[in-house]
Amino acid sequence: MRSTILGLTVAVLAAGCAYQPPASDTTHRTAPENLTCNARIQPEEQVQLDRVDTLMARDHDHAALAQLEARPLSTVDHWVRYGQLKAATGQLDEAERVFQGLVDQCGTGRSHHGLGMVLLKKDEVLAALNHLKVAREKTPASAQVRNDYGYVLLMMGEYDQAAYELRTAMELGDGQGPVRQNLAVAYLLTENWAGLQWMTQEYNFTGKERDYAERLAQTFRSVQ
């Protein structure tokens with residue numbers, strides 16, 4: 001059942017879980033045991049990361065990965081992007097190893113969030129939920145983390161708790177991004193009509209958006 005939910009509704013997910021063909025990459029890296037978790041990013045490293053981020057924003061994930069691999073991965077920021085790009089290019093087992101290494105060594109919210117999202121792509125929903133819960137506890141003001149955690153709670157049928165997390169993400173993110181649909185689905189599933197009215201008044205939630213949310217909500221109902 002969980003597999004069905006994931007397949008039908010994953011397009012709403014903020015972290016971009018759509019499948020892409022695996023890259024033909026023979027480079028296998030895991031986070032080094034001597035990684036300094038709080039190392040500062042040097043100016044030249046920031047230039048490289050900015051270039052990687054620009055490519056990622058344009059969905060040029062293979063190019064971003066190549067750019068990242070052009071130099072040693074020296075900070076947690078490098079390794080987090082490396083894990084994200086491994087996942088985005090279909091190399092989920094490698095991405096899991098990277099984020100598991102970061103969790104073991106640094107235990108940051110970003111590490112748990114990354115691992116949780118990789119596990120979600122692998123349809124290991126309960127394990128994903130556990131890591132996203134830790135990420136939420138470590139980074140409570142992250143709109144992305146609260147959205148992703150809330151979304152998985154929706155998948156698990158925890159609609160009221162999901163609505164709370166998604167409402168928080170909505171406010172933290174100023175009503176931007178996939179959280180709009182996710183929160184609307186949660187409100188529809190809990191029949192929170194006042195919440196939907198609040199979304200309309202506060203964040204200009206449109207009728208077209210609501211129609212789409214209604215279809216998604218029906219998908220959730222049909223598989224519970």
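The values are calculated or read from the model by the stated rules, or taken from the named source; none is laboratory data. These figures come from a predicted structure and were not determined experimentally. Ligands, DNA and RNA are excluded from the accessible area calculation, which covers all protein heavy atoms including side chains. Shrake-Rupley method; radii C 1.70, N 1.55, O 1.52, S 1.80 Å.
In the range 94-184, carbon and sulfur make up what percent of the accessible area (probe 1.4 Å)?
Details: 1600 of 3390 Å².
With neighbouring chains kept in place, the figure for the range 94-184 is 47 percent.
When the scattering of the range 162-224 is computed by the Debye formula from its Cα atoms alone, each counted once and equally, what is log10 I(q)/I(0) at q = 0.12, 0.14, 0.27 Å⁻¹?
The calculated log intensity ratios at q = 0.12, 0.14, 0.27 Å⁻¹ are -0.24, -0.33, -1.24.
Bin all alpha-carbon pair distances of the range 50-102 at 5 Å intervals from 0 and give each bin's fraction as a whole percent.
Spelled out bin by bin, the range 50-102 gives 5, 23, 34, 25, 12, 1 percent.
Classify the range 67-134 as rounded, prolate or oblate, taking a ≥ b ≥ c as the square roots of the eigenvalues of its Cα gyration tensor: rounded when a/c is under 1.5, otherwise prolate if a/b is larger than b/c and oblate if not.
oblate
Can you give me the Cα centroid spacing of the range 192-224 and the range 95-151 in angstrom?
Centre-to-centre distance over Cα atoms comes out at 26 Å.
Along the three principal axes, how long is the range 101-219 when you take its alpha carbons, biggest first, rounded to the nearest angstrom?
Each principal axis gives a Cα extent; for the range 101-219 these are 46, 27, 20 Å.
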